[in-house]
1. Got a sec? Which of GLY82, GLY59 is under 13 Å from the mean Cα position of the chain (by Cα), open to solvent by less than 40 Å² (accessible area, probe 1.4 Å) and not aromatic (Phe, Trp, Tyr)?
2. Anything in region 104-123 that is under 26 Å from PRO44 (Cα atoms) and open to solvent by less than 60 Å² (accessible area, probe 1.4 Å)? List them, or say none.
3. Counting only residues that are polar (S, T, N, Q) and more than 15 Å from the chain's Cα centre (by Cα), which one in region 21-56 is farthest from GLU111 (Cα to Cα)?
4. Taking interchain pairs and intrachain pairs at least six residues apart, which have beta carbon atoms under 9 angstrom, with the first residue in region 1-18 and closer than 21 Å to ARG122 by Cβ and the second of a type outside the set (Val, Ile, Thr) and surrounded by 11 or more Cβ atoms within 10 Å (Cβ to Cβ)?
5. I need a count of the residues in region 1-51 that are open to solvent by 40 Å² or more (accessible area, probe 1.4 Å) and among the small types (Gly, Ala, Ser).
6. So is SER90 under 25 Å from SER23 (Cα atoms), at pLDDT 95 or above and among the polar types (S, T, N, Q) or not?
7. Condition first: over 23 Å from LEU117 (Cβ atoms) and among the small types (Gly, Ala, Ser). Now tell me which residues in region 38-87 satisfy that.
8. Under 6 Å by Cβ, and 6 or more places apart or on different chains, what pairs join a residue from region 85-104 that is in contact (Cβ under 8 Å) with a residue 40 or more places away in the chain and under 28 Å from GLY31 (Cα atoms) with one that is not hydrophobic (A, V, I, L, M, F, W, C) and not in a loop (DSSP other than H, G, I, E, B)?
Amino acid sequence: MFKFDTKAWEDQLKTKAQKVEDSARAVAQAGAQVFYEQVLSNVPVKTGKLKKAIYQAYGDKRSGEGRALYNISWNKRKAPHGHLIEFGTSRAAAQPFLRPAHGQASARVKEAMLEKLKEVLRD
């Protein structure tokens, strides 16, 4: 008769699962940083006001246990014209900088998040 004790494996899996849950904010931030940098590179620069108004912020209210969310947008007080650039007007064509960043950076965002998760699991 063979005995096979899986207790050690179960403990390791629980430890790794806890590490993954605890690292949600760091993993999300790694992806947010890539997206943020893509948005910055997309912003058309005339005066630099809009580019300086781009921010990334941790979303406390929408984040929770095992879940982390970052907001990336522009400060409407510093650059109240941001929506006019992003969506255009009847007189000026749109020069979107935020919306296209999703498609442009999605593969790199996933890659950065996966790398961060691997780093967390190695420790």
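The values are calculated or read from the model by the stated rules, or taken from the named source; none is laboratory data. If you're wondering where the values come from, they're calculated on a predicted model, not measured in any experiment. Here the Cβ positions follow ideal geometry from the backbone for every residue, glycine too, while neighbour counts run over all protein chains shown. Ligands, DNA and RNA are stripped out before the accessible areas are found, and what is left, the full protein with its side chains, is counted by its heavy atoms. Shrake-Rupley method; radii C 1.70, N 1.55, O 1.52, S 1.80 Å.
1. GLY59
2. ALA105, SER106, VAL109, ALA112
3. Result: THR47.
4. Every condition considered, the pairs that remain are LYS16/LEU121.
5. Of the residues in region 1-51, 4 are open to solvent by 40 Å² or more (accessible area, probe 1.4 Å) and among the small types (Gly, Ala, Ser).
6. Here the answer is no, as SER90 does not meet what is asked.
7. SER41, GLY48, ALA53, SER73, ALA79, GLY82
8. Pairs that qualify, where the first residue is in contact (Cβ under 8 Å) with a residue 40 or more places away in the chain and under 28 Å from GLY31 (Cα atoms) and the partner is not hydrophobic (A, V, I, L, M, F, W, C) and not in a loop (DSSP other than H, G, I, E, B), are PRO96/GLU86; PHE97/ASN42; LEU98/GLU86; ALA101/GLN38; ALA101/ASN42; GLN104/GLN38.
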